[in-house]
Every structure is written in C-alpha cells, then in structure tokens.
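Below is one structure; the comments refer to it alone.
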Amino acid sequence: MTSPISLHDTGELLLPSPLQPFLPDWPGADKLNLFIKRDDLIHPVISGNKWRKLKYTFNALPAGCERIISFGGGFSNHLHACGFLCALSGLPFTAIVRGDYSTNLTPMLEDLYRWQADIHFVNKKTYKLRDDPDWLSSLSQRYPGSVIIPEGGSQHLALKGVAEIIEECDVEFDHVIVPVGSGATLAGLITALKKPQSATGIAVLKGEAYLESLVENLLPPHTAMPAWQIQHQYHCGGYGKAPEELKAFCNDMQRSYNLPVEPVYSGKMFAAVKDMIANGQFSSGSAVLLVHTGGLQGAR
Ligand SMILES: Cc1ncc(COP(=O)(O)O)c(C=O)c1O
C-alpha cells in the first residue's frame, strides 16, 4: 500500500472526540469533576481506541505491503477494526481467530467475511503461539509481503495515536482512567500525561503482574513516567465474564445517563470508577477523565 489511509475518506470521522462532563448520581461523585472522553463516538465502525491504536501502524506500512495479518477472539474489536481498515485500503487481511466459530459466526466474523477477510480458526494451543518468533516467521514465509500486527494492535506505534486522546483534552484533570486488555492504551495515555497527573487502568481480565509487565514493556525505557497503576479487582472473574450485576449496571448507564457501555471493557471501567469513588479513592475536588474506549460492536 502506498497512500496513507484516512477515516476521513469515509466522511464519518468525529475528531477530536467529544469531551463531556459526567454528573452521575453516585455516592461521592458530587465532590469530583468527572469528564468522559467519548472515543466511542469517533467513527460508526472503528470506535474507541481502535483508530487511535492503528492509525500510525496503517499509515506507516511499507510500500510493498501486500497483506495484513492479525489475531484475536471471535468478538475482537481489534480484528474488526483491522478488517475494516484493510477493506478501506484494498489490502488483503488474514485474521487468526482463537476458537472455531465456523458453524456459529459472530456478527464480528460476518463483517470480516463481508470485507473479504481470510479467516483461520485455530485452537487455543496454536493461538498461544501468536508472539512466538518462529511461528510468526513461518507465517511471514507463507504470506510473503505481509505485515503482522500483534493482538490488540499493541505495539509502540500505537502509543503515539493514543497520546492524542490527551492532547485533544482542553480541560485540566488530575487522573485518567481506562480499561486495560493488552496494555497499549494505558501506556499511550501515560506517555502523554504531565506530572502530577496520574493514570489508572482497570484490568478487564485476570492478569496481576502480567498486565503491568505489558505496559512497562511498551513504555520508553529509563524515563521517569507519571504515576500509574492497574486495579485488579474489577474483572468480574475474567475476560468476557459478565455477571448479571454487571449487565444490569450497563443497562442502567444507558437508561440513566444515555451512555452506551458494554460489559467487556467500558462497563467494567465505569463500574470500577463508581466503586472507587464510593471508597474515597479520589481526593475531594479532583478532576477525573474517563476514557470511553468503545467496543460496542462486540456486544451485538
Ligand atoms: C473497547 C476496548 N476498550 C479497551 C481495550 C483495552 O485496550 P488495550 O488492549 O490497549 O489495553 C480494548 C482492547 O483493545 C478494547 O477493544
């Protein structure tokens, strides 16, 4: 691919994404200034952190790139975004999917087929090889001229796009909160903060220490970063686990605040924030920025 791709070509890009004050009727929330960065509204197909994470990757593809290959689950927002961007730019796309959904396609996979993606369903054992250099090199040999994007689009180029979330904000804030899956979104936000601002990630899967190491590995080495942490008590049992209470919370966010959230990422983050506020984890008068990273396609 030679020319840079732009979602502007689809005529539907909303950037900067809206920044909204959020005034929930939650215990303790009246003592804080809460804002939501509505990245879920960036684009009707690629919402949330997906365009942020993939923008520079797609625009820095080598001239001879003939195919994109990437990885994800059957509902993956990342594969969905890659499939759409490849269709937009006329690039073949190979999606390596964890699990066999061939007789039970999800709406995400139906979209990928509609966008002419080549989909390979693999078992968990094979999927675990997704970062294995030998396996990746065999994939590259099988698909000459391909560019392999890691799961979740988590690579250094993603951080630059994510940092733009902060650069767009024209309000002062003390803390930023975001859900964490593969760590690149949190890492990108951290790079854009100015001390004493701090970042908190809400783990959406069981990954204590592991998630921290993913973020550390993406951050620039030997550089003092603003304070950051990951909260691990809000994953509700693991990735994709959505107990009834969480589903009810998501419905309530829509009903009470007209805010669409889903249980895998944004729902867990907002539920965590409600709990953290109730527990007095933010000092009175602080301004807290909540990044709505989208992902609503996964809840279809
Ligand atoms: C909607 C949504 N929010 C948040 C995240 C977490 O982002 P990251 O994987 O960069 O930690 C993801 C996964 O990429 C996602 O799809």
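The values are calculated or read from the model by the stated rules, or taken from the named source; none is laboratory data. Quantities reported herein were computed from a predicted structural model and do not represent experimental measurements. Glycine also receives a Cβ, built like all others from the backbone with ideal geometry; neighbour counts cover every protein chain displayed. The area values use the complete protein model at the heavy-atom level, side chains included, leaving out ligands, DNA and RNA. Shrake-Rupley method; radii C 1.70, N 1.55, O 1.52, S 1.80 Å.
Does region 209-218 hold any residues that are exposed (fewer than 12 other Cβ atoms within 10 Å of the Cβ) and either assigned to a loop (DSSP other than H, G, I, E, B) or within 9 Å of the ligand (Cβ to nearest atom) (or both), and which are they?
Within region 209-218, 209 is the sole residue that qualifies.
Does residue 113 satisfy the criteria of being among the hydroxyl-bearing types (Ser, Thr, Tyr), away from the ligand (no atom under 16 Å from the Cβ), open to solvent by 20 Å² or more (accessible area, probe 1.4 Å) and in a helix (DSSP H, G or I)?
For residue 113, the condition - among the hydroxyl-bearing types (Ser, Thr, Tyr), away from the ligand (no atom under 16 Å from the Cβ), open to solvent by 20 Å² or more (accessible area, probe 1.4 Å) and in a helix (DSSP H, G or I) - is met.
Checking the conditions here, which among 256, 266 is of a type in the set (Gly, Ala, Ser), out of contact with any helix residue (DSSP H, G or I) (no Cβ under 8 Å at 6 or more places or on another chain) and touching a residue at least 40 places away in the same chain (Cβ under 8 Å)?
256
From the residues in region 144-191 that are away from the ligand (no atom under 13 Å from the Cβ) and not assigned by TED's automatic domain parsing to the domain that holds residue 272, which one is farthest from residue 60 (Cα to Cα)?
Across region 144-191, the extreme among qualifying residues is 144.
Please work out if residue 286 is touching a residue at least 24 places away in the same chain (Cβ under 8 Å), away from the ligand (no atom under 16 Å from the Cβ) and touching a His at 6+ places or on another chain (Cβ under 7 Å).
So residue 286 fits the description; yes.
Of everything in region 257-269, what is away from the ligand (no atom under 12 Å from the Cβ) and either under 13 Å from the mean Cα position of the chain (by Cα) or part of a helix (DSSP H, G or I) (or both)? Give them in sequence order.
257
Select from region 70-94 the residues that are in contact with a helix residue (DSSP H, G or I) (Cβ under 6 Å, 6 or more places away or on another chain) and among the aliphatic types (A, V, I, L, M) and write down the one among them that is nearest to residue 263 (Cα to Cα).
81
Which condition from (1) within 23 Å of residue 201 (Cβ to Cβ); (2) open to solvent by less than 30 Å² (accessible area, probe 1.4 Å); (3) modelled with pLDDT of 95 or more is the one that residue 51 breaks?
The number of the failed condition is (3).
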